[in-house]
Every structure is written in C-alpha cells, then in structure tokens.
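Please find one structure pasted underneath; my questions will follow.
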Amino acid sequence: MRNQFLISIIFLLISLPGESQIIKKPIPNKLVVLTFDDAPASHYSVAAPMLKEMGFGATFFVCEFPPNYPDSSLYMNWRQVQALDRMGFEIANHTHTHANVTKLTQKEFDRELQYIEHKCAALGIPIPRNFAYPGYGLHAESLKLLEARAYDFARAGGSRVYDPTSDHPYLIPSWATDENNQDEIMAAFQQAKNGKIVVLTIHGVPDLEHPWVNTPPALFQSYLDFLKSENYQVISLGQLREFIDPEEARLAIEPNFDRPLSN
C-alpha cells in the first residue's frame, strides 16, 4: 500500500508542468535567434541574401506599414515575402497595419492577425504561428487571443536575455539593433549560455523610413561574420520548438509584465 502511494506521488510530480517538460532537449550555448520587423524592402534585397550565404535561419515579422506600404522602394511586396518563404525563412505576424495592441479591442486585434494569416495562406506561405508586438506594445488580454489562435511564441523588447524556464513564451525579450549600439549587441551575444538564448530585433538593413532603428549593411555583415566565426547557432523563432515546448511553458509560467519587455 505504501509503495503504491509513493508511486502515485511520483507520477503526480512528473505530470506537473515544469522545467523538465518545457525544455525538450538541452539548449546549447551560443544559440541566437534573428528576427526582422516591419517588412522594409531591404529585408528582401539586402538582409536575406546575406543570411542565405551564411546558412543562418531567421524570422521575418511582416505587416503593411502605413502610410507608405505601397512604395516598393521602402517596403516589400507580398511576392517578395513569398520569395523569403521559398528561401527557407520563417514568415511571421506583425499585424496588418503595425498596430499597437494596447490600443485595440480583442476583435480589432483578431482582425489584424487574421489579415496576415489569410495573405500568407493565399500565397502558399505557412500560416504564421509566431508574433511580434509592434512598437513593443503589450497588453495582458492579447495573450489570451494569441493562445486562442494557437500561436507558439511572441517576441517583445527589453534588451535582456531570454530564459525559457522563467519567461512566458508570449513575452520573449530581445535586443533591438541600431547603428549606434554595436557594443551592446556584441556584449549581448556573450550571454547566450547556460540555457539562455539571445534574441535580436532588426529593422531595415538599411532602414530608409525609420533611421532611428537603421542597421547599416556593413554593421549587419560584421554581426553575421562574428556569429559564423565563433560557431554560433543562428535560428528562426519558430525553430525554438526544437528545444522548447511552448504549450508546457504557457502552463508552467505566469506572464510577468514587470520584467523589462520594451526598449
């Protein structure tokens, strides 16, 4: 009887969500996730070829940035987004209009998500399962809709390392690159160890319309060269599923909006 009781307790403990269930396989040191926001034209013409040459993965969070989205010198068109998918990159959701979710009703947020999902489906692009908050605007209610629509991960800001055992999968922190913070980004790479993951947010390479988040191509190339020469593993956000079970993470980790999540 005693043995049966002990077996029941052990089974209960094993069944509870926790770190062992969240981590599917050991997270290697030097694991970096590259994500790209806003769909500027340079993602297709500059960043993607550089990434492809290095053999790196990446996630492109796409939207139709108003008011100048139709200007092909500034933003990618959907055929170019489709081409990124065919090159092997992940296409993910940044809302239809780069909408700050803190200013949306749940119905409006749902429409914003569905627009990108439907555009992808119409072009044979896998329906996005990952999301990035435009302008890092965070809202607790948005997490419920992301879960209802079966999203895996959502990326925010915060300029800190991602710990998958304590950071909710819908509140993944990242560093944003610009032309003036090279030292900060290089220091960030050193934190990809001991189960922690470095996630970058990159805008245009270059960014013609938003120069405050511009990453010059030469600087971007220097990051890629460093990551390659130092044997970093560079992946998309979606590839985190190889290491992390987002469903278990949602069960085990309470969303914490007090930790830095915006820049």
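All but one of (1) in contact with a helix residue (DSSP H, G or I) (Cβ under 7 Å, 6 or more places away or on another chain); (2) on the phi < 0 side of the Ramachandran plot hold for ALA132, so report the exception by its number.
Of the numbered conditions (1) in contact with a helix residue (DSSP H, G or I) (Cβ under 7 Å, 6 or more places away or on another chain); (2) on the phi < 0 side of the Ramachandran plot, the odd one out for ALA132 is (1).
Still on this structure, please answer the following. In this structure, does ALA121 turn out to be farther than 18 Å from ASN256 by Cβ, hydrophobic (A, V, I, L, M, F, W, C) and within 17 Å of the chain's Cα centre (by Cα)?
Here the answer is no, as ALA121 does not meet what is asked.
ASP152 passes all but one of (1) at pLDDT 95 or above; (2) open to solvent by 30 Å² or more (accessible area, probe 1.4 Å); (3) of a type in the set (D, E, K, R); which number fails?
Result: ASP152 fails condition (2) only.
Being modelled with pLDDT of 95 or more, of a type outside the set (S, T, N, Q), closer than 22 Å to SER236 by Cα and surrounded by fewer than 15 Cβ atoms within 10 Å (Cβ to Cβ) is the requirement here; does ARG79 meet it?
Yes: the conditions hold for ARG79.
State yes or no: is THR59 farther than 17 Å from ILE202 by Cα, of a type in the set (Ser, Thr, Tyr) and at pLDDT 95 or above?
Judged against the criteria, THR59 is not a match.
Next up: Being more than 30 Å from PHE65 (Cα to Cα), hydroxyl-bearing (Ser, Thr, Tyr) and either open to solvent by 50 Å² or more (accessible area, probe 1.4 Å) or at pLDDT below 95 (or both): is that true of SER229 here?
yes
Looking only at region 65-82, how many residues end up being within 20 Å of HIS118 (Cα to Cα) and in contact with a helix residue (DSSP H, G or I) (Cβ under 7 Å, 6 or more places away or on another chain)? Walk me through it before giving the result.
In the first step, residues of region 65-82 are kept if they are within 20 Å of HIS118 (Cα to Cα); the result is 65-66, 69-70, 75-82.
Then drop every residue that is not in contact with a helix residue (DSSP H, G or I) (Cβ under 7 Å, 6 or more places away or on another chain), which leaves 75-76, 78, 80.
Residues flagged as within 20 Å of HIS118 (Cα to Cα) and in contact with a helix residue (DSSP H, G or I) (Cβ under 7 Å, 6 or more places away or on another chain) within region 65-82 amount to 4.
Give region 43-76 a look and list any residue that's closer than 19 Å to LEU227 by Cβ and open to solvent by 10 Å² or more (accessible area, probe 1.4 Å), or say none. Even if it seems obvious, please write down each step before you answer.
Just the residues of region 43-76 that are closer than 19 Å to LEU227 by Cβ, to begin with: 43, 46-60.
Listed by number, the residues that qualify are VAL46, PRO49, MET50, LYS52, GLU53, MET54, GLY55, PHE56, GLY57.
Quick one: count up the residues across region 177-195 that are touching a residue at least 60 places away in the same chain (Cβ under 8 Å) and surrounded by fewer than 21 Cβ atoms within 10 Å (Cβ to Cβ).
Residues in region 177-195 being touching a residue at least 60 places away in the same chain (Cβ under 8 Å) and surrounded by fewer than 21 Cβ atoms within 10 Å (Cβ to Cβ): 4 in total.
The values are calculated or read from the model by the stated rules, or taken from the named source; none is laboratory data. Just so it is clear, the structure is predicted and the values come from calculations on it, not from any experiment. Because the Cβ atoms are built from the backbone with ideal geometry, glycine has one as well, and the counts that use them run over all protein chains shown. Accessible surface areas use protein heavy atoms only, side chains included; no ligands, DNA or RNA. Shrake-Rupley method; radii C 1.70, N 1.55, O 1.52, S 1.80 Å.
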